[in-house]
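Throughout, read-outs are computed from the coordinates displayed, never taken from laboratory work. Being a predicted model, the structure only gives us computed values, none of them experimental. Backbone-built Cβ (ideal geometry, glycine too); neighbour counts: all protein chains shown.
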Amino acid sequence: MSVLFVGSELFPYVKTGGLGDVMAALPRAIRAQGVDVRLLVPAYPSIHSAVDILGEAASFPDLMGGGPARILRAEAPGLPLYLLDQPTFFDRPGGPYGHPEDLATRFAALAWAAAHLGRVGDVDGWRPDVLHGHDWQTGLMPAYVAYGDGPRPATVMTIHNIAFQGRFQASILGDLWLPRHALTPEGVEFHGDICFLKAGLKLADRLTTVSPTYAQEIQHAGGHGLEGLLAHRKESLYGIINGIDKAVWNPAKDPNLVSRYDLKHPGRRLPNRPDFQRRMGLHEDPNAPLFAAVSRLDPLKGLDLVLDNVDHLVSSGAQLAVLGTGDPHAEGAFLQAAQRHPGRVAVFIGYDEALAHRVFSAADVFLVPSRQEPCGLTQLYAQAYGVLPLVRRTGGLADTVVGVSPETLADGTATGFTFDTANGLALGDAINRALALFRDPPAWRRVQRRGMARDFGWEGPARAYLDMYGTIPAKGV
């Protein structure tokens, strides 16, 4: 079997969230199962300059009105790549989602190039059996396969976050190289617009999303308008929990840490705490429970609930460290909280990969109070690093964190703290439960060890994706 993964991000070259991590780790895990997996991503300068370019796989005098384009063959460590080299669209500042004036044609070009490789193959004759697109940026890929000529590879669409759908005016249909008959409810049309994600969900052979609970949520109130379509296609929808790249997120090998540690040597974790406190400007208090969050500051992430509890945390003797960027109001509110509580609250506006790793090596409790969370990776990193996650029970958070209770403490399954209602009072109650357990060090260490012992690697998810590929009926020309 051969599979082409298609996406707009790839860690460590271009990343705005978990999509980049998945695009880097999942293909490697599937390749380890003996499958020929390759990736197609845009040739952003950060990628083009960092990988080995091997040659040209295809060329086009003009692609989607963006001028000349090539598909280059390339190689990253452990990953064969195809790069869509089209400077007009991809060789410019502003990040992967800047320049909204051509956002539609830019990612339509990526989807069309993927369909071309699926139907025609490259100059060496390689042609994938399965095209696997990720998020709205690749949503037109199944449409180009469905409306095009030639062999039709199987198509799979993965939803990483259904809130982002890629909706554009129907008047650009011709600019996207789509036929007029595509603009119907059975094709790419959605409430009078062209919707990239809806097109993929309607026309792909199989659909996946990043956790079993999220797969259920998006068929109901969490579907952002697409719940009816997803409920109709529920037999083709698979919820497969994400994994973490243990080569990158492993406290025993992490080069960002002052002191590396593992389940057998938990005491080696201790030096990381004062180092992190110094870096963040927190008091070097070994007895203060350290709560932390690394998050986009967005209402869906629920960090406003943390703001509601800042004074409560400080009055309880705890410290708080927040790393993130996003909503300017939230940024300002957290900075004001740090000014009110110097040495007890610390805020870093932005994202720093090394500092994020150090958070997980130092914190006691990791806060993920999301209103909606398709899978989430930070709660997985937290458990691997010996931090107890405190999460709202939604999406993948509900699937990956077992809340502390008398029953779960007794049977040894607890790995963190959970709450249900998205308000500050409910989070405050969960914080109180975390503070109570922190005052019982033996019980705390048992929960900590349980989290560190869990295997959230990609091997299990990779097998689940292979099983899913196997359910797709064979296709002809």
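Could you tally the net charge around Arg371, taking each other residue with its Cβ under 15 Å from the Cβ of Arg371, Lys/Arg +1 and Asp/Glu -1? Don't skip to the end; give the middle numbers.
Working: positive: Arg296, Lys301, Arg392, Arg393; negative: Glu217, Asp298, Asp304, Asp308, Asp327, Glu373, Asp420.
So the environment of Arg371 carries a net charge of -3.
Figure the gain on full extension for Glu56 and Asp308 (residue separation times 0.36 nm, minus the Cα-Cα span) and round it to one decimal in nm. Numbers along the way, then the final one.
Numbers: separation 252, 0.36 × 252 = 90.72 nm, distance 5.47 nm.
Taking Glu56 through Asp308 to full extension adds about 85.2 nm, to one decimal.
Report the convex hull volume per residue for the chain, counting only C-alpha atoms, in Å³. Numbers along the way, then the final one.
Values: hull volume 68.9 nm³, N = 477.
Measuring per residue, one finds 144 Å³ for the Cα hull of the chain.
Would you calculate the separation in nanometres between label points at His265 and Arg296, each defined as 7 Å from the Cα along the Cα-to-beta-carbon direction?
About 3.8 nm, to one decimal.
Please work out the Cα center distance from the range 407-477 to the range 288-329, rounded to the nearest Å.
So the two Cα centres are separated by 21 Å.
Report the FRET efficiency, 1/(1 + (r/R0)^6), for Arg449 and Ala354, where r is their Cβ-Cβ distance and R0 is 25 Å, rounded to 0.05. Mind dumping the intermediate values first?
Working: r = 26 Å, r/R0 = 1.05.
Calculated transfer efficiency: 0.45.
Suppose every Lys and Arg Cβ carries +1 and every Asp and Glu Cβ carries -1, with no other charges. What dipole size does the range 282-376 come out with about its Cα centre, to the nearest 20 debye? Display every interim value, and only then the final one.
Details: 6 positive and 12 negative charges, 6 e Å.
Value, rounded to 20: 20 debye.
Taking the Cα centre of the chain as origin, work out the dipole magnitude from +1 charges on Lys and Arg Cβ and -1 charges on Asp and Glu Cβ, in debye rounded to 20.
Details: 44 positive and 49 negative charges, 221 e Å.
It works out to roughly 1060 debye.
Spin-label point model (7 Å from Cα, Cβ direction): what's the Arg127 to Arg439 distance in nm?
It works out to 6.9 nm between the two label points.
Determine the gain in length on full extension of the stretch Leu425-Glu284; use 0.36 nm per residue of separation and subtract their C-alpha separation, reporting nm with one decimal.
On the way: separation 141, 0.36 × 141 = 50.76 nm, distance 2.89 nm.
Full-extension gain reported as 47.9 nm.
What is the spin-label model distance, in nm, from Arg180 to Ala464 if the labels are put 7 Å beyond Cα along the C-beta direction?
Taking the simple label geometry, Arg180 and Ala464 are separated by 4.5 nm.
How high is the FRET efficiency between Ala410 and Asp275 when r is their beta carbon distance and R₀ equals 35 Å, given to the nearest 0.05? Write down the numbers at each step before the final one.
Numbers: r = 36 Å, r/R0 = 1.03.
Efficiency, rounded to the nearest 0.05: 0.45.
Express as a percent, rounded to the nearest 5, the fraction of DSSP beta bridges in the chain (both residues included) that run antiparallel.
Working: 20 of 68 bridges.
Roughly 30 percent of the beta bridges in the chain run antiparallel, per DSSP.
At q = 0.19 Å⁻¹, what is the base-10 log of I(q)/I(0) for the range 277-428 according to the Debye formula with one equal point scatterer per Cα and no solvent? Please give it to two decimals.
After summing over all Cα pairs, the log10 values are -1.21.
Please identify every one of the trypsin sites (Lys or Arg not before Pro) in the range 355-450 that sits in a loop by DSSP and has no more than 10 other beta carbons within 10 Å of its own beta carbon. Don't skip to the answer; put the middle values down first.
Numbers: sites: Arg358, Arg371, Arg392, Arg393, Arg433, Arg439, Arg445, Arg446, Arg449, Arg450; in loops: Arg371, Arg393, Arg439.
Answer by residue number: Arg439.
Cut-off 11 Å, label point 7 angstrom out along Cα-to-Cβ of Ala221: give me the residues of the range 288-320 whose amide nitrogen falls inside.
It comes to no residues whatsoever.
Quick check: from the Cα gyration tensor, does the range 18-162 come out rounded (a/c under 1.5), prolate or oblate? Walk me through the numbers before you get to the answer.
Details: a/c = 1.21, a/b = 1.12, b/c = 1.08.
It is rounded, given that a/c, with a ≥ b ≥ c, falls under 1.5.
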